[in-house]
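Structure, as structure tokens:
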Amino acid sequence: MPIFGEASEAEVTRAILAGFTKDLGEYASTEVIIVGGGPSGLTAARELALNGVRNVVIERNNYIGGGFWIGGYLMNTVTLRSPAQKYLDEIGCPYKKYSENLYVTPGPHACSKLIAAAMDAGAKIQNMTSFEDIVLREKNRVAGVVINWTPVQALPHEITCVDPIALECELVIDATGHDAYVIQALEKRGLAKRIGEGGMWIEKSEDAVVEHTGIAYPGVVVAGMSVCSTYGLPRMGPTFGAMLLSGKRAAEVALKELGRTPKKKR
Amino acid sequence: MAGWRKPARDLGSRASADWDVPSSTVLYRDPSSTTLDLDKVSEYLVETLGLKCEVRQNFLSLYAERDREALARAIAATRVRNILRPFEQIEPIYGEVQFELRLLEEPTKRVPGVLYDGYRYLRVMRDLLPRAERSLRVLHIAFEHRILGTFDDDGRYHARAVVCGYPSVVSTSGIVEAPAKPAAYYRVKAQLALALGAVPFDAVKEPFKGQFIDYDDPRLTEVARGYALQAAIYHITKEAFCGDSACRLFNGHWQAEMITAQLESGGLCPRHERVAAEISGLARRERAAKKH
């Protein structure tokens, strides 16, 4: 007696195709597109989904989670300063107190919990997909993103002349990390500019990142490390509290922008 | 400027004739600071310089009721983009203006991490002053959470605890961030940052407790008294700081120097005691003359 039930190769192919096509069809036009599946992008995705906002995370890598898998110097303990540990409580991730106001958690545990929490809430994730450009509408408002398969970018243009596709949305969240790719795309058109990251010099850098999270351009919210390079804020080192809280703030700003009332605290 | 001594000057009537002793002094609260008692700072200025003092609410909340967005834009335009280069005038981006708007709407919020060009920031404030009080007859000292810096001869910006001008600003965050903490603090911080991937600030601070002024430090009011005095004496005499490290007008570049000048010594050098007494006398005589 075999362990698994029968399914033909063709049926497996059709199942993959059907699932993927259904998802892509749904988020070809969605409310929010989050570019970048690191901690801030995933937190924003979860918060939006919990508030009933349709959203999709575009991630260029196969793996989701960005730098959240590891802490500093390739060591996989990640650190968070209070009150960010409260978010770990929300997603059911264990952690330990290291010192007053500083908490540690294993990166793989925290990262996988965050991915699961975002998807459990209803966020969609499109990985191996690179952001190529923005879609502009009246008054140059950003109204979507242009995407392509990540492997296409890695091959010579002569071999892979693959046109990208576009997804429409009401709001884009740039959670692409230090590169701030969405803002860069606006910058190339002379519509926005990045200040670039400042030096790592004071204790309160994380506060500054959270407080600067918000609309950076009509139709674009910046979150996470994109905030640093957009506004020239001091880098903060590999501590992730600001990433989670910035993602949360980005979702709050997006809800306001979409004219939605946040649901009561769960 | 640590260790720098300005030569003592004769404080005869010729010097004081050029002074601008204000007929009134206004101090502006910093609502983001939980430990700053501005009434005590005011009392100190009355005692030390005989000035007539008034404490008002937060400067920007008081004078920026109209067109907040324009003010937010003007403040954002004073941001220092590169601390290693002289100030570059750049049109602020949308999000920077929104950030300043949020800060204007919530004056209790304190968000260090951004450095503003001190003198350009003062210019923005000066434009907000009521016309009737925009003269050297009125001394304005605003307490602020924003960190202001000035570009120095060494080719970089330095954060400041106080920026003297018109008005003058004492930065409550600058008092924490501008004077350097003990050198060992930075070594421990760097080692822990490398080992942990993050800086456990509270753990790093523990061995150095008391050796520097921290956010919401109970000693803040006492330190702020000294900086308010620096701003007042600058306004009156146009002399910046004192070279005597035991004088409250000494502008320490290290927290240890600041603590020595403001807390341990807590007094003025003999020369500045005479200056203070003279200012006090002038202020008293002026008030008496006004009465008659």
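Do you know which residues across region A:137-189 are exposed (fewer than 15 other Cβ atoms within 10 Å of the Cβ) and assigned to a helix (DSSP H, G or I)?
A:GLU138, A:LYS139, A:PRO151, A:GLN153, A:ALA154, A:HIS178, A:LYS188 - these are the residues of region A:137-189 that are exposed (fewer than 15 other Cβ atoms within 10 Å of the Cβ) and assigned to a helix (DSSP H, G or I).
For region B:63-79, give me each residue that is open to solvent by 20 Å² or more (accessible area, probe 1.4 Å) and either among the aromatic types (Phe, Trp, Tyr) or in contact with a strand residue (DSSP E or B) (Cβ under 6 Å, 6 or more places away or on another chain) (or both).
The one that is open to solvent by 20 Å² or more (accessible area, probe 1.4 Å) and either among the aromatic types (Phe, Trp, Tyr) or in contact with a strand residue (DSSP E or B) (Cβ under 6 Å, 6 or more places away or on another chain) (or both): B:TYR63.
State all residues of region B:218-242 that are at pLDDT below 95 and over 29 Å from B:SER24 (Cβ atoms); if no residue qualifies, say none.
Selection gives nothing.
What number of residues within region A:67-84 satisfy the criterion of being open to solvent by 40 Å² or more (accessible area, probe 1.4 Å), within 9 Å of chain B (Cβ to nearest Cβ) and of a type outside the set (Phe, Trp, Tyr)?
4
Among the residues of region B:92-122, which ones are over 22 Å from B:ALA159 (Cα atoms) and open to solvent by 10 Å² or more (accessible area, probe 1.4 Å)?
B:ILE93, B:TYR94, B:GLN98, B:LEU101, B:ARG102, B:GLU105, B:GLU106
Hey, among the residues in region B:245-292 that are open to solvent by 40 Å² or more (accessible area, probe 1.4 Å) and in a loop (DSSP other than H, G, I, E, B), which one's farthest from B:VAL162 (Cα to Cα)?
My answer is B:HIS292.
So, of the residues in region A:190-225 that are assigned to a loop (DSSP other than H, G, I, E, B) and modelled with pLDDT of 90 or more, which turns out to be farthest from the other protein chains (Cβ to nearest Cβ)?
A:GLY224
Do any residues in region B:210-225 that are closer than 27 Å to B:LEU49 by Cα have Cβ atoms under 6 Å from those of residues that are open to solvent by 10 Å² or more (accessible area, probe 1.4 Å) and in a helix (DSSP H, G or I), where the two are at least six apart or on different chains, and which pairs are they?
B:THR221/B:LYS40; B:GLU222/B:LEU263; B:ARG225/B:TYR44
Just name the residue that is farthest from B:PRO167 (Cα to Cα) out of those in region B:110-124 that are out of contact with any His (no Cβ under 8 Å at 6 or more places or on another chain) and within 9 Å of chain A (Cβ to nearest Cβ).
Among those residues, the one meeting the criterion is B:GLY113.
Scan A:TYR63, A:TYR103, A:TYR87 and give me the residue that is among the aromatic types (Phe, Trp, Tyr) and within 14 Å of chain B (Cβ to nearest Cβ).
A:TYR103
B:LEU129 - would you say it is of a type in the set (A, V, I, L, M), surrounded by fewer than 17 Cβ atoms within 10 Å (Cβ to Cβ) and more than 20 Å from A:ASP207 (Cα to Cα)?
Judged against the criteria, B:LEU129 is not a match.
Determine whether region B:71-91 contains at least one residue that is over 14 Å from the mean Cα position of the chain (by Cα), part of a helix (DSSP H, G or I), within 12 Å of chain A (Cβ to nearest Cβ) and among the polar types (S, T, N, Q).
no
Select from region B:215-238 the residues that are surrounded by fewer than 21 Cβ atoms within 10 Å (Cβ to Cβ) and either among the basic types (Lys, Arg) or within 14 Å of another protein chain (Cβ to nearest Cβ) (or both) and list them in ascending order.
Correct list: B:TYR215, B:ASP216, B:ASP217, B:ARG219, B:LYS238.
The values are calculated or read from the model by the stated rules, or taken from the named source; none is laboratory data. The structure displayed is predicted, hence computed values, not measured ones. Methodologically, a virtual Cβ is constructed for each residue, glycine included, from the backbone with ideal geometry; neighbour enumeration extends over all protein chains shown. Surface accessibility is based on the protein's heavy atoms, side chains included, excluding ligands, DNA and RNA. Shrake-Rupley method; radii C 1.70, N 1.55, O 1.52, S 1.80 Å.
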